[in-house]
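Here's the structure, in structure tokens; my notes come after.
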Amino acid sequence: MTVASVLQAFSGACHCGAVRFTAQCDPSYSVLCDCSMCRRRNSIMLRCAESDLVIVTGRDALNEYRFNTGVAIHYFCSICGCYTFHRMRKLPDKFAINAGCLDGLDTATLRPILIEGSKN
Ligand SMILES: [Zn+2]
């Protein structure tokens, strides 16, 4: 039996507020990843379909960073440096959202699972 995911509508922003976005995410499924990038930024992430992520303001303020295969695109605010979300390498039609950027979400209530991005 699979448990249906329950999407919730969130709004979110980088630290300085230049980048604002909305995303539909299921907070019952959150991850931490141990790849070389994620272990440095140490953000709990929620998944979001590409069609459910809308950049409201600040598209021009977003910078991107790629490494290794270049498939994943890591976005961060060029003003405050805050990581907001990234296009996922293994699921390139999905984004991982920085849970800490989401308004009204208490990240202490999340129970992230560890993704071994360093091994695959
Ligand atoms: Zn910013």
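Could you look through region 43-79, keep only residues that are within 16 Å of the ligand (Cβ to nearest atom) and part of a loop (DSSP other than H, G, I, E, B), and pick out the one that is nearest to LEU7 (Cα to Cα)? If you could, list the steps in order and put the result at the bottom.
Quick first cut of region 43-79, residues within 16 Å of the ligand (Cβ to nearest atom) only: 43, 55-65, 74-79.
Checking the rest, the ones that are also part of a loop (DSSP other than H, G, I, E, B) come to 43, 58, 78-79.
On the way: SER43: 20, GLY58: 24, SER78: 29, ILE79: 30 Å.
In this case the residue turns out to be SER43.
Just to check your reading of the model, which residue among VAL19, VAL56 is more than 13 Å from the chain's Cα centre (by Cα), at pLDDT 95 or above, under 15 Å from ASP103 (Cα atoms) and buried (at least 19 other Cβ atoms within 10 Å of the Cβ)? Explain how you work it out, then say what you get.
Details: VAL56 fails: buried (at least 19 other Cβ atoms within 10 Å of the Cβ).
Result of the check over VAL19, VAL56: VAL19.
Could you grab me the full set of residues in region 84-104 that are under 16 Å from PHE10 (Cβ atoms) and crowded, with 20+ Cβ neighbours inside 10 Å?
In the first step, residues of region 84-104 are kept if they are under 16 Å from PHE10 (Cβ atoms); the result is 84-85, 94-104.
Once the filter is applied, which keeps residues that are under 16 Å from PHE10 (Cβ atoms) and crowded, with 20+ Cβ neighbours inside 10 Å, region 84-104 yields THR84, PHE85, PHE95, ALA96, ILE97, ASN98, ALA99, CYS101, LEU102.
Does LEU110 fit the bill of being in contact with a Cys (Cβ under 8 Å, 6 or more places away or on another chain) and more than 16 Å from the ligand (Cβ to nearest atom)?
On the way: in contact with a Cys (Cβ under 8 Å, 6 or more places away or on another chain): no; more than 16 Å from the ligand (Cβ to nearest atom): yes.
Spelling it out, it is not the case that LEU110 is in contact with a Cys (Cβ under 8 Å, 6 or more places away or on another chain) and more than 16 Å from the ligand (Cβ to nearest atom).
Could you identify the single residue in VAL31, VAL6 that is within 18 Å of THR109 (Cβ to Cβ) and open to solvent by 50 Å² or more (accessible area, probe 1.4 Å)? Talk me through it step by step, then tell me what you get.
On the way: VAL31 fails: open to solvent by 50 Å² or more (accessible area, probe 1.4 Å).
It is VAL6.
The values are calculated or read from the model by the stated rules, or taken from the named source; none is laboratory data. Quantities reported herein were computed from a predicted structural model and do not represent experimental measurements. No Cβ is skipped: glycine too gets one built from the backbone with ideal geometry, and neighbour counts run over all protein chains shown. These accessible areas exclude ligands, DNA and RNA; they are computed on the full protein's heavy atoms, side chains included. Shrake-Rupley method; radii C 1.70, N 1.55, O 1.52, S 1.80 Å.
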